[in-house]
Amino acid sequence: MNIPNVELPRIVIIGVGFAGLKFAKDIDTTKYQIVVLDKNNFHTFQPLLYQVASAGLEPDSIAYPIRKILGKQSNTFFRMAEVLEIDQTKQEIKTNIGNLDYDKLVIATGAGNNFFGIDSIQASAMPMKSIVEALNLRSKILENFERAINSNDKEEQKKLMNFVVVGAGPTGVELSGALAELKNKVLPKDFPDLDLKLMRIHLIEAAPRVLNVMDKKSSANANKFLKKLGVEIHTDTQVKSYLNGCVETNSENFIADTVIWAAGVKGQMPEGIKADTIGRGNRIIVNEYCQLKDNENIYVLGDVSLIQSDLYPNGLPMLASVASQQGAYLAKMMNRIVAKKSTIPFIYKDKGSMATVGKNLAVVELKKFKFQGTFAWFVWMFVHLMLLVGFRNRVIVFVNWTWNYFKYNNGLRLIIRPFRQKTTNE
Ligand SMILES: Cc1cc2nc3c(=O)[nH]c(=O)nc-3n(C[C@H](O)[C@H](O)[C@H](O)COP(=O)(O)OP(=O)(O)OC[C@H]3O[C@@H](n4cnc5c(N)ncnc54)[C@H](O)[C@@H]3O)c2cc1C
């Protein structure tokens, strides 16, 4: 890889998500050479992917070019590369554009989809973990309406307009709400001659309630909001398979052309991590300094890291706030190490959680307060606007949301790149 060799120790960062980005921005580049690698040339703001999938936002408003963020930072080199393997003995990484040695390595590769070994779901359901997947979903949703309006067969129309969302965590809840708003407010304008009463949104959850990770009251409120919008909720329901357009569960079956998988994630990482350092959820086990247990030159941050404690026996939640706090923490500690100062363990500061269901419908849990409804919705919007990377993106998203608030018609429903389901041979 074409990176200059200098006197300074080299830190290689794999992944420019919330953790890698925060670390890269906060590390002292006068003391280290920083090499940043990501398979994409942009950072993705995953919490708003569902709005891209439901044609509420364009992808460029939730993605930001990495070169634009780090381009002016001294001693920092970005390469668009997929890291394939880590050779811990040689202190070297292997990528699709060449090899590179490191003094310190920061793994921040995030999480991928977890289909829990259900092959038929993996083959045919639609995940939503990346911009590409969100755009695929958007194309498929819009194409299904174009196909439905051209069909004389009621059963075919029902199948095309039946959407099954699996997993009622924040992502599933937010997406179901967005689909319901499409049905209620947007699609009647686009398809006045289509019987939209045939469109149904089923939200399937294995746990006894939606937003199972949140407080019972927030969960009950989200349930109420979803029902108000017309989402059909099926709790205590486990998906078994999705074959020939039929979702089989432990209770009823659903005929649907679109199944959206929002039910599980697992850590993703290059080859070269020893099996005994990989724990629950395919995450890499690290100590309270975010350090790999038997290799002090490797640090792991964000979704892919597993720090277990009495308070969090299953590891910290896979959240942007955890990833970002770890990135900031590690940069601070590395800056202290080079200044020969002492280090302290990482402590996660839980600032709360929130989810939105639709316009004026959200639930927010802060440390001391829990609230829901219109105020919660404005808080949700404000927090997400502030967390977006880049002033331009904030302005675009703000304008979009304001326009939609009054008009519900943003004109983003373009099928630019039709969705083509992969065959098993691809
Ligand atoms: C749909 C959705 C909604 C979410 N909503 C919320 C929310 O509302 N609030 C919240 O707090 N959290 C939310 N999350 C979770 C949050 O996005 C993650 O916790 C956070 O992104 C984790 O940050 P990270 O830095 O660990 O990984 P990521 O942000 O996933 O970044 C990983 C980076 O690594 C790169 N990468 C991976 N493998 C390689 C490789 N081998 N070589 C090179 N590059 C690689 C990827 O391209 C990516 O840029 C949501 C997640 C999803 C998918």
Segment 119-263, accessible surface, carbon-and-sulfur percent (1.4 angstrom probe): 46
Determine, for each peptide in 241-252, 225-236, the mean count of other beta carbons within 10 angstrom over its residues, then list the peptides with the highest first. 225-236, 241-252
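Highest mean first, how do 338-350, 387-399 rank when packing is the count of other Cβ atoms within 10 Å averaged over residues?
Details: 338-350: 12.2, 387-399: 16.0.
Ranking, from highest mean packing down: 387-399, 338-350.
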Enter the Cα centre distance for the pair segment 124-142 and segment 289-304, rounded to the nearest angstrom. 32
What ³J(HN,Hα) values, in whole Hz, does the Karplus curve 6.51 cos²θ - 1.76 cosθ + 1.60 give for segment 240-246 when θ = phi - 60°, with x put for Gly and Pro? 9, 7, 9, 10, 6, x, 10
Highest average packing first - 376-384, 177-185, 4-12, Cβ atoms within 10 Å: 177-185, 376-384, 4-12
Once amide H atoms are placed 1.01 Å from N in the peptide plane, what residues at a sequence separation of 5 or more from A111, or on another chain, have their amide H within under 5 Å of its amide H? Q268
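Quick one: compute the contact order of the chain, relative version, from alpha carbon pairs under 8 angstrom and 6+ residues apart, as a percent. Walk me through the numbers before you get to the answer.
Details: 841 pairs, mean separation 82.9, N = 426.
Normalised by residue count, the contact order of the chain is 19 percent.
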In whole Hz, with x marking every Gly and Pro, tabulate ³J(HN,Hα) for segment 263-268 from phi via Karplus 6.51 cos²θ - 1.76 cosθ + 1.60, θ = phi - 60°. 9, x, 10, 9, x, 10
Compute the angle between helix 170-181 and the longest alpha-carbon principal axis of the chain, please, reported from 0 to 90 degrees and rounded to the nearest 10. 30
Per residue of the chain, what 222 nm ellipticity follows from adding -39500 (n - 2.57) for every DSSP H run with n ≥ 4, rounded to the nearest 500? -9500 deg cm²/dmol
DSSP beta bridge pairing in segment 119-263, given as percent antiparallel to the nearest 5: 35
On C-alpha positions alone, give me the angle between the axis of helix 391-407 and the longest principal axis of the chain, in degrees, nearest 10. 10
Surrounding net charge for N223, when Lys and Arg each add one and Asp and Glu each subtract one, Cβ distance under 12 Å: +4
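The values are calculated or read from the model by the stated rules, or taken from the named source; none is laboratory data. Predicted model only: the values in this text are computed from it and were never measured. Methodologically, a virtual Cβ is constructed for each residue, glycine included, from the backbone with ideal geometry; neighbour enumeration extends over all protein chains shown. The accessibility values were calculated without ligands, DNA or RNA, using every heavy atom of the protein model including side chains. Shrake-Rupley method; radii C 1.70, N 1.55, O 1.52, S 1.80 Å.
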